[in-house]
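Asks: I am attaching a structure below and will ask some questions about it afterwards.
Only the coordinates and a few stated rules stand behind these numbers; no lab work does. Predicted, not measured: the structure shown is a model, and the values here were computed from it. Glycine also receives a Cβ, built like all others from the backbone with ideal geometry; neighbour counts cover every protein chain displayed.
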Amino acid sequence: MVNRAKQQQREAARAPPRDDAVADRYLLRFVLEAHTDRFRYLELDALLRSAGLDPASCYDRPSAAAAAGEEPYVVLRAPSPRLLRDVVTRAILVRDALEIWGVGADHGACAAQAAALEGTDVFFGEETTWCLGVEAYGVGLDLGAQEAVRNQYRGAFRCRGRVRLKGADVRYRVVEVYDEARPARGAAPARCYAGRVVAASRARELVSKLDLKQRLYLGPTALDAELALIMANAAGVREGCSTLDPFAGTGSILVACAALGGRCLGSDIDWKVLRGKHVSERDSGERRRGALPRKQPSAALQPLHADDRERRTIFANFRQYGLPLPEILRMDSSRFFDSFRGPSIEGAFDCVVSDPPYGVRAGARCAGKDGAVKPVPDELRREHVPATKPYATADVLCDLLEIAARCLKRGGRLAYLLPATNDLTPEDVPRHPALTLVACEPQQLSTKYARWLVVMVKGRDWSARDWTPAVRAGVRRGADPASRVRVASRNRRTVCPVSIICAVTSRARGINGARVGHVELRKIR
């Protein structure tokens, strides 16, 4: 009994009350990736709203947006670490959050403010393991410089427990921030922060787990896992919410939504994509690239169904990651509501997330035929696959907005990718009377083109009187930037009779340089 009491006493001393806030300001550290830095605050705002917080009252968005790409930090206010932890653990572009105990122009002022803060003694127990890290953005600090910084904070972090570099009960951090992107050697930091790490992202693990290189079933337009997860967060996908993707393809977005807890419904018209393909382990080389285990299956790769060893489908990806299977329908999105009986589908979804086809790598199709349609005999109707015809990009966006306006609940969100030029403005984004534009941020693909992540929220109920031919014509005019991308890509393919493959060497200058190390020409068949 005495030993058990001592053990309980040590466990109580080892586990500090993590939800006891000693400060209301936090320093968020973002992921350093140039191709996603424009999505930082878009995702952060969506997660704050999902947690019941107002982004405008939590941090200064204009000043933070101006610093995007310059420093990966933002100071945020939150009522408690528990609410902030709900936001950070689901974020893809936030690494962790630091509870600010001290801030100053130099380490002396920062350490003095941290030492004077009341309520921190609860974290300095003898049984509490700890570690103190030093971080500087844009400057490399050797071990001697880091140790010199730690010595200045001995009075602020009065830890009495043992040091544990991995798996410590409490993690402290000192951060140096410089005004210049590349400060000179020996330059003094502009600001110093010190505090306790209260939350770290768990969703970042999904980026590597859902990597396309390890996925069993892929298509030419499969969206990368990181962007799909960002879109799911931007749309507000959470545990138990209903999610729709009317242009599912091979299901990359559905996989990301299911990984975040959504219940998924997807549709597509391409029968070949939905039916899957026959593969054999000897021909696919999956042992070689590690998609299948050699001896014991890992926790991330569950054993597949026997049918999937012969035919790979969308469901093979969900079984691979141990996710609940979605509902998949083969249907024509241009006649989406004709495929359901009654108005039960209207207002049934919390989120609509989609990457609609725009004809650059895979053309959009809808049911129909340019010429005369031949009647189908009754004995062949069951196995008949209807003919399809090209689906204009402007019509794709019109139908996507109409599907979202009718299928979303009030307050539900639509997140989709819009291909356009880099000079697109929010006024150029196609609109719907029932949807309000919330965010529009680009991911630059080249010097001229980008794909824009557009987020809309349903502000009022859908009405047939709002969706007039004049409104639809206006949406088609707003979809012209996406149509121009498709036409430009088609012109590049038809004008050039060969494909140019440039091997990147030390002499290569990129896509705008005329000099490359080696050029190989291959005919397009």
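Asks: Which aspartates and glutamates, if any, have their Cα less than 13 Å from the Cα of residue 458, not counting same-chain residues under 8 positions apart?
Replies: Qualifying aspartates and glutamates at Cα under 13 Å: 346, 350, 402.
Asks: Would you mind computing, in nm to one decimal, how far apart the modelled labels at residue 427 and residue 464 are, each placed 7 Å from Cα along Cα→Cβ?
Replies: Calculated label separation equals 3.5 nm.
Asks: Continuing with this model, one more query. Give me a comma-separated list of calculated 3J(HN,Hα) values for region 111-127, in order, Karplus coefficients 6.51, -1.76, 1.60 applied at θ = phi - 60°, integers in Hz, x for any Gly or Pro.
Replies: Running phi through 6.51 cos²θ - 1.76 cosθ + 1.60 with θ = phi - 60° gives 5, 5, 5, 5, 5, 7, 5, 8, x, 8, 5, 5, 8, 10, x, 5, 8 Hz.
Asks: Quickly work out the residue 410-to-residue 340 label distance, labels modelled 7 Å from Cα along the C-beta direction, and quote it in nm with one decimal.
Replies: 1.8
Asks: Nearest 5 is fine: what % of DSSP beta bridges in region 2-202 come out antiparallel, could you say?
Replies: Close to 75 percent.
Asks: Can you tell me, using C-alpha contacts under 8 Å and at least 6 residues apart, the relative contact order of region 2-202 as a whole percent?
Replies: After rounding, I find 28 percent.
Asks: Let me ask you something else. Can you work out the Karplus-derived ³J(HN,Hα) for every residue in region 132-148? Use 6.51 cos²θ - 1.76 cosθ + 1.60 with θ = phi - 60°, whole Hz, and x for glycine or proline.
Replies: Running phi through 6.51 cos²θ - 1.76 cosθ + 1.60 with θ = phi - 60° gives 10, x, 10, 9, 9, 8, x, 9, x, 10, 7, 5, x, 5, 5, 5, 5 Hz.
Asks: Taking neighbour counts of Cβ atoms within 10 Å as a proxy for exposure, in what order, fewest first, do 260, 44 appear?
Replies: Least crowded to most crowded, the residues run 260, 44.
Asks: Determine, for 334, 339, the number of other Cβ atoms within 10 Å of each Cβ, and report the residues in order from fewest to most.
Replies: Ascending number of Cβ neighbours within 10 Å: 339, 334.
Asks: Sort 150-156, 161-167, 244-250, 100-106 by the packing proxy (mean of other Cβ within 10 Å over each peptide's residues), most packed first.
Replies: Result, highest mean Cβ count within 10 Å first: 244-250, 100-106, 150-156, 161-167.
Asks: On to the next question. Let me check I've understood the local charge: for residue 103, count other residues with C-beta under 10 angstrom from its C-beta, Lys and Arg +1, Asp and Glu -1. What total comes out?
Replies: In short, +2.
Asks: Pop the C-beta distance of residue 382 and residue 35 into the FRET formula with R0 = 45 Å and round what comes out to the nearest 0.05.
Replies: 0.45
Asks: Starting with the highest mean, order 414-421, 461-468, 199-206 by the number of other Cβ atoms within 10 Å, averaged over the residues of each peptide.
Replies: Descending mean neighbour count gives 414-421, 199-206, 461-468.
Asks: Going by C-beta contacts inside 10 Å, put 432, 384 in order with the fewest on the left.
Replies: Ranking 432, 384 by Cβ neighbours within 10 Å, fewest first, gives 384, 432.
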